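Enquirer: My questions will all concern the structure given below.
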Amino acid sequence: MWEFTSPRTIVFGENALEYLKTIEGTRALIVTDKVIRKLGFADKVASYLKQAGMAVEILDEVETEPSAENVMKGAELARKHCPDWFIGLGGGSCMDAAKAIWVLYERPDMEVAAINPLEKLGLRKKARLTCIPTTSGTGSDATWVTMITDVKECRKMELTSREIVADIAILDPELAKSMPPRVAADTGLDALTHAIEGYVSQWSNDFSDALAIRAIQIIFKYLLRAYRNSEDKEAKEKMHNAATMAGMSFSNSQVGVAHAMGHSLGAIFHVPHGRAVGLFLPYSIEYSARDAAQRYADIAREIDIDVETDEEAVTKLVQAVKKIEHEVGTPGSIKELGISREDFEKRLDDLVSRAANSLCTFMNPRVPEVEDVRKLVTYAYDGKKINF
Ligand SMILES: [Zn+2]
């Protein structure tokens, strides 16, 4: 038996935001950050919710990569306002914070670190969740993941529960136009990594496969256009949809070792999530191909790469990923990120142990031993090939 969980309603396309006018409820809390508020998006969302007859409060204190303390403060404010709707508005950080704040609001007896798939949270007794992404990549609007930082341990907690999947996801491409090109590239590569890792994951299934393949096709076709021209409406809309499809896919399969290494690099060297996982993606394909060549070959054929053997398909898929990353100006190695060999070697043990212990590592089609993780991270430092 398997289970596929997704938002109950996904509203997408031009003017999707207007759907907010039809939501039934009395009090809404918009969870966002100062940048999104400054762009006027929070006020726009608030005005639609008011037209739906709701009292609206805006919490704009979400940090980049929110901490448990940040979430607890948000939950305190939520208890004062008593919302029956949480609106997570922004990039992954804002939507993840909204999920965690919602949990603590409904379950004041819980600590955020206790969110896990086996814990019955009993949500939706007081409120529900709408997510509205303003970047095209994290897929948090469709996933059962919330990433919260444990500041003391300098560690990102990958917290999951099927109950925290949003009730409604609203994908309005107009909001994605404000992304600077660098953010469009980073988040787009995050979505590509979600879809490719989701497709080859040990837990992949027919439903996640369909979404992953379509997302990969869209990203290869539209990412570069969306990166080069934020006024390209078609490309922006397609990337916005693909990010959520990739989110639905990996949330119901799993991501793999590129995410494990990306989380580790991100936590230690403060590299943005999408840039970090995108950097590791081609290296992880080369490593994992031994046990998933046919799956990677499916992907290559679905994006119209002309190949005869699975082996050739893997090589050409790696080249295609590197090409698109280069075109959107993403560093192809840790060295190109500007990290010196000395700093890298100082933190190598830490990088390796965090990645080796990540849950994502165990879902990879080829599960690496600690020594293999060390080889992979070292390979990604300067691209000098190491035999696995
Ligand atoms: Zn990701």
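Enquirer: With the condition kept exactly as written, say whether any residue in the range 11-24 is of a type in the set (Lys, Arg), surrounded by 14 or more Cβ atoms within 10 Å (Cβ to Cβ) and either in contact (Cβ under 8 Å) with a residue 12 or more places away in the chain or closer than 19 Å to Cys94 by Cβ (or both).
Expert: No; the residues of the range 11-24 include none that is of a type in the set (Lys, Arg), surrounded by 14 or more Cβ atoms within 10 Å (Cβ to Cβ) and either in contact (Cβ under 8 Å) with a residue 12 or more places away in the chain or closer than 19 Å to Cys94 by Cβ (or both).
Enquirer: Only residues that are more than 19 Å from Thr138 (Cα to Cα) and buried (at least 21 other Cβ atoms within 10 Å of the Cβ): list them for the range 55-68, please.
Expert: Val56, Leu59
Enquirer: In the set Asp150, Asp186, Asp84, Asp96, which member is touching a residue at least 24 places away in the same chain (Cβ under 8 Å) and in contact with a His (Cβ under 8 Å, 6 or more places away or on another chain)? First the steps, then the outcome.
Expert: Values: Asp150 fails: in contact with a His (Cβ under 8 Å, 6 or more places away or on another chain); Asp84 fails: in contact with a His (Cβ under 8 Å, 6 or more places away or on another chain); Asp96 fails: in contact with a His (Cβ under 8 Å, 6 or more places away or on another chain).
Asp186 is the lone residue from the list that is touching a residue at least 24 places away in the same chain (Cβ under 8 Å) and in contact with a His (Cβ under 8 Å, 6 or more places away or on another chain).
Conditions tested, residue by residue: (1) at pLDDT below 95; (2) of a type outside the set (Val, Ile, Thr); (3) within 15 Å of the ligand (Cβ to nearest atom); (4) under 25 Å from Thr361 (Cα atoms).
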site	(1), (2), (3), (4)
Glu197	no, yes, yes, yes
Asp206	no, yes, no, yes
Asp209	no, yes, no, yes
Ile213	no, no, no, yes
Ile219	no, no, yes, yes
Arg225	no, yes, no, no
Ser230	yes, yes, no, no
Glu237	no, yes, no, no
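Condition check ((1) under 19 Å from Leu20 (Cα atoms); (2) away from the ligand (no atom under 16 Å from the Cβ)) across all residues:
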residue: Glu57; (1), (2): yes, yes
residue: Val71; (1), (2): no, yes
residue: Asp96; (1), (2): no, no
residue: Val103; (1), (2): no, yes
residue: Gly137; (1), (2): no, no
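Enquirer: Would you kindly identify the helices (runs of 4 or more DSSP H) lying entirely within the range 281-388 that contain at least 2 residues that are basic (Lys, Arg)?
Expert: 310-327, 341-357, 370-382
Enquirer: Restricting attention to the range 338-372, report how many residues are surrounded by fewer than 19 Cβ atoms within 10 Å (Cβ to Cβ) and within 21 Å of the chain's Cα centre (by Cα).
Expert: 3
Enquirer: Between a residue in the range 224-236 that is within 18 Å of Asn15 (Cβ to Cβ) and touching a residue at least 60 places away in the same chain (Cβ under 8 Å) and any residue that is of a type outside the set (D, E, K, R) and surrounded by 14 or more Cβ atoms within 10 Å (Cβ to Cβ), which pairs come within a Cβ distance under 8 Å, given they are 6 or more apart or on different chains?
Expert: Within 8 Å, the pairs are Lys233/Pro173; Lys236/Ser136; Lys236/Pro173; Lys236/Ala176; Lys236/Ala226; Lys236/Ser230.
Enquirer: Further question on the same structure: If you go through the range 245-263 one residue at a time, how many are in a helix (DSSP H, G or I) and within 13 Å of the ligand (Cβ to nearest atom)?
Expert: 12
The values are calculated or read from the model by the stated rules, or taken from the named source; none is laboratory data. Computed from a predicted model, the values in this text were never measured in an experiment. So basically every Cβ, Gly included, is an ideal-geometry build from the backbone, and we count neighbours across all protein chains shown.
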